[in-house]
Amino acid sequence: MIQRLLPFLTLIILFVILCFASPYFLTVTNLSSVVRQTAVINIMALGMTLVIISGGIDLSVGSILAMGGLFGTMMMQAGQPVLVGVAVGLLTGCLCGFVNGTLVTRLKINPFIVTLGTMGIIRGLTLLISNGLPVHQIPKDFSYLGEGMLLGVPFVLWLLVICALAVHVILEHTRLGRYAFAIGSNPDAAYYAGIPVNFHTVAVYSICGMLTGLAGMIEASRLMTGQPTAGQGYELQAIAAVVIGGGSLRGGEGTVLGTLVGAFIMGLLANGSDLLGISPYLQQAIIGAVIILAVTVDELRKRKTA
């Protein structure tokens, strides 16, 4: 039970420490910045939660984010409305996720290898299509997606809440969610129980891709540019958020709330490091250490219950 509550306790302790460590931390401006910065990783991590629960992993989400953001902004640059551009970004992500899921199920290859390959393919195609150049000519209204306020709250926080509720409902109240847990726990048993494993695996990867496409549009909105190099290293942060929040890389375990807590822990670590003048290189080392610690705790817990 204590191990289950560890991420929540860590978040609370980290929050309290930063309140005393920096006078600038507990300000509306800084907290709004934390929410906006963390929203992109949070939304990606929600999709990754579904994938990891089903026993998979997606290393290509950083590249998908870049392609979704690029294609969406290219549509706006071509004169299409903002909503059309956002829809294109989401569909691009969904299609990439669909391809990942199809390759995993049809080729019967480890998802780590498949998505490692598609990570390079998608990034390469994104750079090829854009000639390595960002998209700049974007409508000013597009900035509202990443920087706007609604009822005094950052608009991206509303989006995050909606996405979190949607994924929670999928996991707890739909057949897809129940099957994802079953597939992640024991894919062979799920198959012999009559569960359409391939179909639901593809669905999970597609949803992950679509959420990543949305994250890509938010990132593009915050930067007001479609960057073909965006999202590098984001896959590590998305996976870390799930693992820190209690998800198991063996599959069959994970929660929406845990993932959100894990993402906010990393967000506070990054923000606190910036406020305290800690090197960003050291931040990467800290995130790596936290991942190892979280996986170690998960392994020790499983050995005790085995």
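A short reminder: the numbers here are calculations on the coordinates, not readings from a lab. Model, not experiment: these values are computed from the prediction. Note that we place each Cβ from the backbone using ideal geometry, even for glycine, and neighbour counts take in every protein chain shown.
How much net charge surrounds Gly194 when only the other residues with a Cβ under 15 Å from the Cβ of Gly194 are counted, with Lys and Arg +1 and Asp and Glu -1?
Summing Lys/Arg as +1 and Asp/Glu as -1 gives +1.
What's the exposure ranking of Ile218, Ile291, going from fewest to most Cβ atoms within 10 Å?
Ile291, Ile218
Report the gain in length on full extension from Thr174 to Asp188: 0.36 nm times residue separation, minus Cα-Cα distance, nm rounded to one decimal.
2.9 nm
So, in Å, what gap is there between the alpha-carbon centers of the range 131-185 and the range 22-99?
Cα centres, the range 131-185 to the range 22-99: 7 Å.
For every other residue with a beta carbon closer than 14 angstrom to the beta carbon of Val61, add +1 if it is Lys or Arg and -1 if Asp or Glu, then tell me the sum.
Once all neighbours under 14 Å are counted, the net charge is -2.
Indicate the gyration tensor shape class of the range 107-211 (rounded, prolate or oblate), computed on the Cα atoms with a ≥ b ≥ c the square roots of the eigenvalues: a/c under 1.5 is rounded; otherwise a/b larger than b/c is prolate and the rest oblate.
Details: a/c = 4.13, a/b = 1.38, b/c = 2.99.
Oblate, because a/c is 1.5 or more while a/b does not exceed b/c.
Under DSSP H, which helices of the chain have Cα atoms covering 20 Å or more of the helix axis and a Kyte-Doolittle average no less than -1.0?
Long hydrophobic helices here: 2-21, 28-53, 61-77, 82-107, 111-130, 155-173, 197-223, 256-275, 280-305.
Among Leu211, Leu125, rank each residue by its count of other Cβ atoms within 10 Å, from fewest to most, as a rough exposure measure.
By the 10 Å Cβ count, ascending: Leu125, Leu211.
Obtain the nm distance between the two label points defined at Asn198 and Leu282 by a simple spin-label model: each point lies 7 Å from its Cα along the Cα-to-C-beta direction.
In this crude spin-label approximation the distance works out to 5.2 nm.
Once you have a ≥ b ≥ c as the square roots of the Cα gyration tensor eigenvalues for the range 1-156, tell me rounded if a/c is under 1.5, and otherwise prolate or oblate according to whether a/b is larger than b/c. Intermediate results must be reported in sequence, preceding the final value.
Numbers: a/c = 2.44, a/b = 1.19, b/c = 2.06.
Oblate, since a/c reaches 1.5 and b/c is not below a/b.
Just add up the charged neighbours of Val114: K/R +1, D/E -1, any other residue whose Cβ is under 12 Å from the Cβ of Val114.
On the way: positive: Arg106, Lys108; negative: Asp58.
Summing Lys and Arg as +1 and Asp and Glu as -1 gives +1.
Starting from the Cα of Thr29, step 7 Å along the direction of its Cβ; do the same at Lys140; then give the gap between the two resulting points in nm.
2.2
Evaluate the charge dipole of the chain about its Cα centre and quote only its size in Debye, nearest 20, assuming +1 on the Cβ of each Lys and Arg and -1 on the Cβ of each Asp and Glu.
The dipole of the chain has a size of about 480 debye.
Computed from the coordinates I sent, Cα Rg over 2.2 N^0.38 Å equals one of [x] 0.98; [y] 1.23; [z] 1.05. Tell me the label.
The value matching this structure is [x].
Which of the trypsin sites (Lys or Arg not before Pro) across the range 36-141 are loop residues per DSSP, with 10 or fewer other Cβ within 10 Å?
Details: sites: Arg36, Arg106, Lys108, Arg123, Lys140; in loops: Lys108.
Sites meeting the loop and neighbour criteria: Lys108.
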